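Scroll down for the structure; my scribbles are underneath it.
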Amino acid sequence: ERAPADAVAAAYFGLVRDIEGSGLDACVSVKPSQIGLDVGEAAFRENFRRIVRAGDDHGVFVWCDMEDHETTDATLDAFEDCAREFSGGVGVCVQANLHRTREDLERLADVPGKVRLVKGAYDEPSSIAYEGKADVNEAYREGLEFMFARFDDGAVAVGSHDPAMIEHAKELHEEYGTDFEIQMLMGVREEAQRELAAEGYDVWQYAPYGPKWASYFYRRVRERKENLTFALRAVLGR
């Protein structure tokens with residue numbers, strides 16, 4: 001329904017203002033379904049643009065998460081429009097396990113803003129997504145190399161807890177000289193996060209926010225059973 005989606009958007013307006021006044025180096029990340037995509041694409045685009053405008057007004061970067069494959073086109077369209085309108089103060093997530101992602105990366109290479117590459121948390125049909133671990137890892141490696149070779153400095157975000165992929169990103173940085181950031185979930189490999197930050201890498205921690213954090217974990221587990229490990233580690237602080 002539209003009213004709850006608008007209420008979530010309003011909560012983000014308040015959060016953006018709070019971040020500006022807090023002194024924290026923080027940004028926000030929204031899910032399309034939370035701000036109206038299940039109501040309709042128009043509702044989602046309107047609320048997303050309003051959040052990005054608030055971020056632009058208060059100097060807070062805004063990310064848009066990616067959900068299952070049925071939302072990909074609507075999410076990328078909204079991101080590209082806002083990125084061009086607000087001079088790149090927005091980012092989007094893409095998932096390496098989808099067959100289409102290489103073409104999406106080619107499209108996004110010339111769009112201002114940032115792109116976060118993740119392996120993909122949704123259990124997608126084999127007709128549109130890689131299922132085997134080795135195939136997903138290879139797609140992730142190839143996606144990273146394309147981004148480091150083609151994207152501007154600071155536009156690459158490595159969303160992974162996999163040590164091998166992070167090491168690959170370091171090697172690509174040395175090869176291409178492209179600056180990047182690393183993004184991990186709160187509660188997952190936190191010692192590694194601190195070590196990477198101490199080494200001088202730009203590390204961001206993804207923290208569930210608000211009273212519905214439990215619903216966030218529940219949804220992640222429903223999306224894919226393997227996410228249960230991540231959820232339990234975060235709840236237990238391990």
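Taking max minus min of the alpha-carbon positions on each principal axis, the range 113-177 gives extents of 36, 25, 17 Å, largest first. Under a model in which nothing but the beta-carbon of Lys, Arg (+1) and Asp, Glu (-1) is charged, the chain shows a dipole of about 940 debye around its Cα centre. The ratio of the alpha-carbon radius of gyration of the chain to the globular-protein estimate 2.2 N^0.38 Å is 0.97. Shown here for the range 83-161: GluC sites (Glu not before Pro) in loop regions (DSSP other than H, G, I, E, B) with at most 11 other Cβ atoms within 10 Å, namely Glu131. Dimensions of the range 48-93 from C-alpha coordinates, computed as largest minus smallest value along each principal axis and given longest first, are 32, 15, 15 Å.
Express the carbon and sulfur contribution to the solvent-accessible surface of the range 1-88 as a percent, rounded to the nearest whole number, probe 1.4 angstrom. With neighbouring chains kept in place, the figure for the range 1-88 is 44 percent. The residues of the range 55-194 present an accessible area of 42 Å² per residue when probed at 1.4 Å with all protein chains retained.
Near Val92, the amide H atoms lying under 5 Å from its own belong to Cys64, Lys114, Val115, Arg116; only residues 5 or more places off or on other chains count, and H is placed 1.01 Å from N. For the range 142-221, what % of the accessible area comes from carbon and sulfur atoms, probe 1.4 Å? Carbon and sulfur: 50 percent of the exposed surface of the range 142-221.
Among Gly187, Gly14, Gly120, the largest mean-square fluctuation in a Gaussian network model of the chain (Cα springs under 10 Å) belongs to Gly14.
Cα centroids of the range 162-195 and the range 28-54: 29 Å apart.
Mean residue ellipticity, 222 nm, helices only, the chain: the sum of -39500 (n - 2.57) across DSSP H runs of n ≥ 4, divided by residue count and rounded to 500, is -16500 deg cm²/dmol. For the range 68-180, the residue among Ile166, Phe151, Ala78 whose Cα projects farthest onto the positive side of the dipole built from Cβ charges is Ile166. In this structure the amide hydrogen of Ile182, modeled in the peptide plane, comes within under 5 Å of the amide hydrogens of Val158, Asp202, Val203, Trp204, none closer than 5 places in sequence on its chain. Take the Kirkwood radius over Cα pairs of the range 151-208, plug it into Stokes-Einstein at 10 °C and 1.306 mPa s, and you get 137 µm²/s for translational diffusion.
The values are calculated or read from the model by the stated rules, or taken from the named source; none is laboratory data. Predicted model, so just to flag it, every value in this text is computed and none were measured. All Cβ positions, even for glycine, are placed from backbone atoms using ideal geometry, and neighbour counts span all protein chains on display. Keep in mind that these areas ignore ligands, DNA and RNA; they rest on the heavy atoms of the full protein, side chains included. Shrake-Rupley method; radii C 1.70, N 1.55, O 1.52, S 1.80 Å.
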